[in-house]
């Protein structure tokens, strides 16, 4: 799970970017990955805000570690698409999920597979969240 040292590591913009390493495409920085996935997640919950969203940076965000109930995280995870290749499960359990809050919307950036697993298992305990509060322009 996420200990005190991890809180210090992941509770910053650089830490949030570090959590994106699993999702980075070739030639893409972790900050670019974070922004790409923020755009994708925001499009699922508030498509009308996608084109006016800020580019995430240390100056435009406040990042912290919070502990959320797994059902609250699972509620943000969409159901798996039928055409998606099934995985054996999440690629990593020990790191925080990443959620960005922008204009009153919570966007699950990283942790969809874990959220679906918790929903299926009925898990109710708390889990660490790297919470990115996006400042309004």
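The values are calculated or read from the model by the stated rules, or taken from the named source; none is laboratory data. As the structure is a computational prediction, the values presented were derived from the model and not from experiment. Here Cβ is always computed from backbone atoms with ideal geometry, including for glycine, and neighbour counts include all displayed protein chains.
Suppose we filter segment 31-58 for residues that are over 22 Å from residue 77 (Cβ atoms) and out of contact with any strand residue (DSSP E or B) (no Cβ under 8 Å at 6 or more places or on another chain); how many remain?
Selection size over segment 31-58: 7.
Quick check on my filter: what residues within segment 104-135 are in contact with a strand residue (DSSP E or B) (Cβ under 8 Å, 6 or more places away or on another chain) and farther than 20 Å from residue 67 by Cβ?
Answer for segment 104-135, where residues must be in contact with a strand residue (DSSP E or B) (Cβ under 8 Å, 6 or more places away or on another chain) and farther than 20 Å from residue 67 by Cβ: 134, 135.
Which number in (1) within 16 Å of residue 49 (Cβ to Cβ); (2) at pLDDT 90 or above marks the one condition that residue 110 misses?
Failing condition for residue 110: (1).
Could we say that residue 76 is touching a helix residue (DSSP H, G or I) at 6+ places or on another chain (Cβ under 9 Å), closer than 20 Å to residue 136 by Cβ and at pLDDT 95 or above here?
Working: touching a helix residue (DSSP H, G or I) at 6+ places or on another chain (Cβ under 9 Å): yes; closer than 20 Å to residue 136 by Cβ: no; at pLDDT 95 or above: yes.
Considered against the rule, which asks whether it is touching a helix residue (DSSP H, G or I) at 6+ places or on another chain (Cβ under 9 Å), closer than 20 Å to residue 136 by Cβ and at pLDDT 95 or above, residue 76 comes out as no.
Among the numbered conditions (1) in a loop (DSSP other than H, G, I, E, B); (2) modelled with pLDDT under 95; (3) closer than 18 Å to residue 129 by Cβ, tell me where residue 44 comes up short.
Only one criterion in (1) in a loop (DSSP other than H, G, I, E, B); (2) modelled with pLDDT under 95; (3) closer than 18 Å to residue 129 by Cβ is unmet by residue 44, namely (1).
Specify the residue that is farthest from the chain's Cα centre (by Cα); the eligible residues are those in segment 53-81 that are free of Cβ contacts under 8 Å to residues at least 12 places away in the same chain and part of a helix (DSSP H, G or I).
Filtering first and then ranking leaves 59.
Write out, first by first residue and then by second, each pair whose Cβ atoms fall under 6 Å of each other, whose residues are 6+ apart or on separate chains, and whose first residue, in segment 23-34, is in contact (Cβ under 8 Å) with a residue 24 or more places away in the chain while the second is surrounded by 14 or more Cβ atoms within 10 Å (Cβ to Cβ).
Going by the 6 Å Cβ cut-off, the qualifying pairs are 23/33; 31/17; 34/17; 34/20; 34/56.
Looking at (1) surrounded by fewer than 14 Cβ atoms within 10 Å (Cβ to Cβ); (2) under 18 Å from residue 97 (Cβ atoms); (3) out of contact with any helix residue (DSSP H, G or I) (no Cβ under 7 Å at 6 or more places or on another chain), can you tell me which one residue 52 breaks?
Every listed condition holds for residue 52 apart from (2).
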